[in-house]
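The values are calculated or read from the model by the stated rules, or taken from the named source; none is laboratory data. Computed from a predicted structure; not experimentally measured. As a convention, Cβ positions derive from the backbone with ideal geometry for all residues, glycine included, and neighbour counts pool all protein chains shown. With ligands, DNA and RNA removed, areas are computed over all heavy atoms of the protein, side chains included. Shrake-Rupley method; radii C 1.70, N 1.55, O 1.52, S 1.80 Å.
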Amino acid sequence: MPARRVRSQDLPACGDLEAFCHCFACLAASDRFRHERRKIEEIAVLTRIDLWAPVLGARRLAFRRNALQLLPMENTPTEKPHVVIVGAGFGGLEAAKKLACEDIRVTVIDRTNYHLFQPLLYQVATAALSPADIAAPVRAVLSKYKNVEVILAEVESVDVDAKKIKTIEMEIDYDFLILATGARHSYFGHNEWEKLAPGLKSLEDAIELRRRLLMAYEYAEKITDEAARKAAMTFVIIGGGPTGVEMAGAIAEIARYTLAKDFRHIDPSQTRVILIEGERRLLAAFPEDLSASALKQLVDLGVEVRTGARATALTEAGVQVGDEFVPCRVKIWAAGNNASFVGKTLGAPVDRVGRVIVNDDLTIPAHPEVQVIGDLANFSHQTGQPLPGVSPVAMQQGRHAARNILAMIEGRKPQRFRYWDKGSMATIGRNKAVADLNIVHLSGLPAWLVWLFVHIIFLVGFRHRLAVLFQWAWAYFTFNKGARLITRNFQAEQRPPA
């Protein structure tokens, strides 16, 4: 049957809007009036959305209203809910992606303009990768999501009563907040040690460690004093967790293979790498068999491992370990974390390292519109102990926080968070790693291959995956690492006039 235009006499006379909606629902079911549905929708967006929602659907009406750029009528929402995410790390980025394309406004705030793949920071510090290989611009990652905006700013505090975020330059209002500002390294009350032994939490940290590591060999090459040369070629890593183990193995490997033929007056293979751990075993969070395997693999690389020992003093000249003073030029800190100071501005309870003690749904007491995730959150409702500060925890919490916000917008309660532990991994060197996959424990080459696959998959962006895979393949077959660049801070140096 040929379609015909809908005339006024085709519509039943209706005394009120509710009856008209019912009439329209009947007409829309007929094929001959289907071509008129779009026109009647344009009329519908000017009427009360709560009446038309059962007929057309609230989302479709909202879309039509936006497309037509029509002003909403009285008794309809005037603005979309505003969700602010502070921190573009693993948790913040996952939350932003989950909220993308929803009928809300999302603002992502971060003090850097890039998302950093922290698990591979140690490879930048040991010249295996360049900084651009593990960092992706946040704006580029989120550019395709039209309801998401990115602001480069450093957050100073959060006023949960006024629902405002204060940065150095501006204040930002929010309806819902996801706080994912992460953590920094902790020196257990000795903050003066930070200049002597940098940690590894940012690109700046990694580049500075790379500079110190390579400069130590350059210094050793040009001096004649044997004691000073040995100190320059001694590297002490404080902390036997995954970061410390990975750094120790990587330094021992580049000394033995990568730099072996680069110098004429020193033998880099004689480098002394010392790993200090205060607990009785390395990788205390791993099963004991994997800790023992990690120890054996490090010793095979020539690393001196000292468990049950603590660094009691750090100076420019070296490290005091118990009763022994170890002369060394380069010291690396991998022994502890402190949560970001932003969490303390919420007014919620915090633990001894500054993590916010959250409810079982990731919200904070008395403010369900605020959720704290990642390294900043102390979530102990599942095992009785806080969840570890690793990327899988942050990613799962980011997605859960986003789902909670969508639920609260629809009038439902936020749900309890449950962490799915898929296991833990740590790499030690070429064909050397340990992996706890819960159902099976892997060591050596199998663990290394699993580690390789997982880290490639979770890198952000195809270009980064391809670049890192190529760099790893090149280093594997040639024993050569091409990012051995020594960068200098020229602004801090005294230079002769040009």
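Results, tabulated for the structure shown:
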{"read-out": "Pairwise centroid distance, computed over Cα atoms, of segment 103-181 with segment 244-287, Å", "value": "33"}
{"read-out": "Links that overshoot a 28 Å alpha carbon limit, given the list LYS80/LYS144; LYS98/LYS413; LYS97/LYS195", "value": "LYS97/LYS195"}
{"read-out": "Segment 361-437: relative contact order as a whole-number percent, Cα under 8 Å and 6+ apart", "value": "23"}
{"read-out": "Test item: Cα-centred dipole of segment 218-339, Lys/Arg +1 and Asp/Glu -1 on Cβ, debye", "value": "100"}
{"read-out": "Residue-count net charge about GLU253 - beta-carbon cut-off 13 Å; Lys, Arg +1, Asp, Glu -1", "value": "+2"}
{"read-out": "Nitroxide proxy distance, nm - points 7 Å out along Cα→Cβ at ALA313 and PHE458", "value": "4.1"}
{"read-out": "Approximate spin-label separation ASN113-SER269, in nm, with each point projected 7 Å along Cα-to-Cβ", "value": "4.6"}
{"read-out": "Proximal charge balance of ALA183 [Cβ under 10 Å; K/R count +1, D/E count -1]", "value": "+2"}
{"read-out": "Accessible surface, per residue, of segment 84-174 when the full set of protein chains is kept, probe 1.4 Å, Å²", "value": "40"}
{"read-out": "Segment LEU152-GLU218, length gained on full extension (0.36 nm per residue, minus Cα span)", "value": "20.0 nm"}
{"read-out": "For segment 358-401 versus segment 429-487, the gap between their alpha-carbon centres in whole angstrom", "value": "29"}
{"read-out": "Overall dimensions of segment 255-395 as given by Cα atoms, namely Rg and Dmax in Å", "value": "20.5, 66"}
{"read-out": "Cα shape, segment 379-498, gyration tensor, a/c 1.5 rule", "value": "oblate"}
{"read-out": "Solvent-accessible heavy-atom area per residue, rounded to whole Å², over segment 287-363 at 1.4 Å", "value": "47"}
{"read-out": "Built amide H within the under 5 Å cut-off of ASN378, gap 5+", "value": "VAL356, ILE357, VAL358"}
{"read-out": "Carbon and sulfur %, accessible surface of segment 76-155 computed with the full protein complex present, 1.4 Å", "value": "51"}
{"read-out": "Percent carbon-and-sulfur accessible area, segment 394-441, ignoring ligands, DNA and RNA, probe 1.4 Å", "value": "51"}
{"read-out": "Given charges at beta-carbon only (K, R positive; D, E negative), |dipole| of segment 120-162 in Debye", "value": "420"}
{"read-out": "Segment 98-157: relative contact order as a whole-number percent, Cα under 8 Å and 6+ apart", "value": "54"}
{"read-out": "Proximal lysines relative to LYS481, as straight alpha-carbon distance under 19 Å, when same-chain residues fewer than 8 apart are discounted", "value": "LYS261, LYS432"}
{"read-out": "Neighbourhood charge, 15 Å Cβ-Cβ cut-off, centred on ARG416 and excluding it, Lys, Arg +1 and Asp, Glu -1", "value": "+3"}
{"read-out": "Dipole of segment 220-310, positive direction: furthest Cα of THR271, LEU301, GLY244, with charges on the beta-carbon", "value": "THR271"}
{"read-out": "Per residue accessible area in Å² of segment 365-498, where ligands, DNA and RNA are left out and the probe is 1.4 Å", "value": "57"}
